[in-house]
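Input: a single structure, listed below in structure tokens.
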Amino acid sequence: MSSLPNTHEVLLRNDHLLTSRVAVLGLSDSALLPQCPAAGLVMTEHAGVFKTLAPYTDWQQCFGYDTEGLQSNSFDTVIVFLPKARAELNLRLAMAQFLGCPGANLVMIGEKKEGIAGGAKQFLQAVPDGMKIDSARHCQVWSGTNSQPKDAFALKDYLQWTPVSCAGVELSVAGLPGVFSEGELDGGTRLLLENLAEKPLSGERVLDFACGAGVIGSWIQAYRRTSGEEPGVVDGVDVQAQAVACARATYEGAGAQGEIYAEDGLAGLKGRWQAVVTNPPFHSGVKTDTSMTEQFIRQVAKHLVPGGELRLVANSFLPYEALLQQFIGPVQTLAQDKRFTVYRAFQRVPR
């Protein structure tokens with residue numbers, strides 16, 4: 001039995017849509033590709049999925065919404081998988097309108113539990129003649145004509161800048177649809193930054209895991225400068241293409257130093273850092289999912305120098321303290337409010 005996501009299964013059920021020149025936007029499982037009648041363009045915003053595309057050299061591959069090198073009006077059919085964040089759908093539909101030729105078939109597929117009903121309303125704004133053509137595996141398929149094709153599409157045109165102020169430091173943070181906490185400083189990050197002001201990280205080389213829009217790394221360096229210290233380097237890593245783009249833009253605007261890596265977790269990173277800081281995700285779509293953070297805690301010791309520090313903020317109900325103790329070292333609770341807890345653990349020094 002196939003283990004493809006329901007949305008991908010439903011696309012194959014409607015494989016008559018995959019004729020002629022096809023672009024697939026929002027792929028979540030590369031195992032779909034060899035089952036398609038012909039190759040075309042495939043886009044995923046997930047760094048891990050993007051790496052799995054390497055064997056499929058007959059497919060034109062795109063990481064996220066960077067359309068450099070892509071031609072407008074190039075495809076007869078554009079498949080749009082519903083993104084997890086509703087705000088991102090307009091971005092994905094705009095890319096579809098750019099890639100699709102005038103009169104191309106634009107198709108959207110999504111699960112009911114992920115909000116396809118609301119997504120259909122957005123689809124109809126971009127595709128006025130759209131209609132539901134199938135319903136199966138708890139999914140819906142909507143199809144219509146690319147009657148409003150776009151000759152240009154540039155991700156930078158969708159960047160929004162938000163002023164952020166915390167512990168005496170002011171920053172301008174880049175945002176894109178679908179990036180965590182776009183347009184605001186979330187409560188967990190604020191508590192973490194306030195704690196970092198009270199008890200700063202030591203070490204000139206720091207890693208921000210699940211860096212999002214680059215708030216933490218740019219703030220640490222700005223705070224150090226205001227305190228008369230050397231800012232050091234704060235590298236960042238995130239799995240999502242938009243987050244990587246935002247973090248790089250935020251760093252550039254703030255004059256921050258550090259590499260921003262597109263990776264699914266820590267496995268693809270080499271080297272060790274004197275400190276790692278994180279406000280890790282705990283949602284996968286609409287579900288609570290701590291698996292990414294649990295894997296991170298199991299792996300992060302390999303990326304800390306002996307005696308190096310991990311500083312982590314999380315919702316207080318999440319069961320991380322025992323894992324931190326087991327895989328890193330003694331754990332302290334440094335700050336806590338009604339929702340969040342800031343933990344600190346130091347990497348055990350080998351005897």
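In vacuum, with every alpha carbon of the stretch 149-229 counted as one equal point scatterer, what does the Debye formula give for log10 I(q)/I(0) at q = 0.22 Å⁻¹? Two decimals, please.
Values, matching the q order: -1.07.
Quick one: how many lysine pairs in the chain have C-alpha atoms under 12 angstrom apart, if they're 8 or more apart or on different chains?
So the count of such lysine pairs works out to 6.
What is the spin-label model distance, in nm, from Ala136 to Ala39 if the labels are put 7 Å beyond Cα along the C-beta direction?
Between Ala136 and Ala39, the simple spin-label model gives 2.7 nm.
Taking all pairs of different Cα atoms in the chain, averaging 1/r and flipping that mean, what Kirkwood radius in angstroms comes out?
21.5 Å
Just to confirm my numbers, what's the Cα centroid distance between the stretch 48-71 and the stretch 147-202 in Å?
26 Å
Report, in whole Å, the centroid distance computed from the Cα atoms of the stretch 230-253 and the stretch 297-337.
Here the answer is 22 Å between Cα centres.
For Gln140, what charge total do you get from the other residues with a beta carbon under 14 Å from its beta carbon, if Lys and Arg give +1 and Asp and Glu give -1?
With Lys, Arg at +1 and Asp, Glu at -1, the net is +2.
On the accessible surface of the chain, probed at 1.4 Å, how many percent belong to carbon and sulfur atoms?
Of the solvent-accessible surface of the chain, carbon and sulfur hold 49 percent.
Please determine, in degrees from 0 to 90 and to the nearest 10, the orientation of helix 116-126 with respect to the longest principal axis defined by the Cα atoms of the chain, where the helix direction is its Cα long axis.
So the helix axis and the longest Cα principal axis differ by about 70 degrees.
Among Leu192, Leu334, what's the order by accessible area (1.4 angstrom probe), most exposed first?
Leu334, Leu192
Taking only Cα atoms, what is the 0 to 90° angle, nearest 10, from helix 215-226's long axis to the longest principal axis of the chain?
Around 40 degrees separate the two axes.
With N residues in the stretch 169-319, what two-decimal value do you get for its Cα radius of gyration over 2.2 N^0.38 Å?
Normalised Rg, Cα atoms only: 0.96.
When a/c is below 1.5 the answer is rounded, else prolate if a/b is larger than b/c, else oblate, so apply that to the stretch 231-351 with a ≥ b ≥ c taken from the square roots of the Cα gyration tensor eigenvalues.
oblate
Evaluate the distance, in nm, between pseudo-label points positioned 7 Å from the Cα of Asp151 and of His16 along their respective Cα→Cβ axes.
For Asp151 paired with His16, the spin-label model returns 3.5 nm.
For the chain, what does the helix formula give at 222 nm: sum of -39500 (n - 2.57) over DSSP H segments with n ≥ 4, over the residue count, nearest 500 deg cm²/dmol?
-8000 deg cm²/dmol
How big is the charge dipole of the stretch 39-167 about its Cα centre, in debye rounded to the nearest 20, if each Lys and Arg gets +1 on its Cβ and each Asp and Glu gets -1 on its Cβ?
I would put it at about 460 debye.
Rolling a 1.4 Å sphere over the protein heavy atoms, what is the accessible area per residue of the chain, to the nearest Å²?
That works out to 44 Å² per residue.
For the stretch 1-110, what does the alpha-carbon gyration tensor say about shape, rounded, prolate or oblate, given a ≥ b ≥ c as the root eigenvalues, a/c under 1.5 as rounded, and a/b over b/c as prolate?
It is rounded, given that a/c, with a ≥ b ≥ c, falls under 1.5.
Could you give the angle, 0 to 90 degrees to the nearest 10, between helix 86-99's Cα long axis and the longest principal axis of the Cα atoms of the chain?
50 degrees
The values are calculated or read from the model by the stated rules, or taken from the named source; none is laboratory data. Quantities reported herein were computed from a predicted structural model and do not represent experimental measurements. With ideal geometry, Cβ positions are generated from the backbone for all residues, glycine too; neighbour counts draw on all protein chains shown. The accessibility values were calculated without ligands, DNA or RNA, using every heavy atom of the protein model including side chains. Shrake-Rupley method; radii C 1.70, N 1.55, O 1.52, S 1.80 Å.
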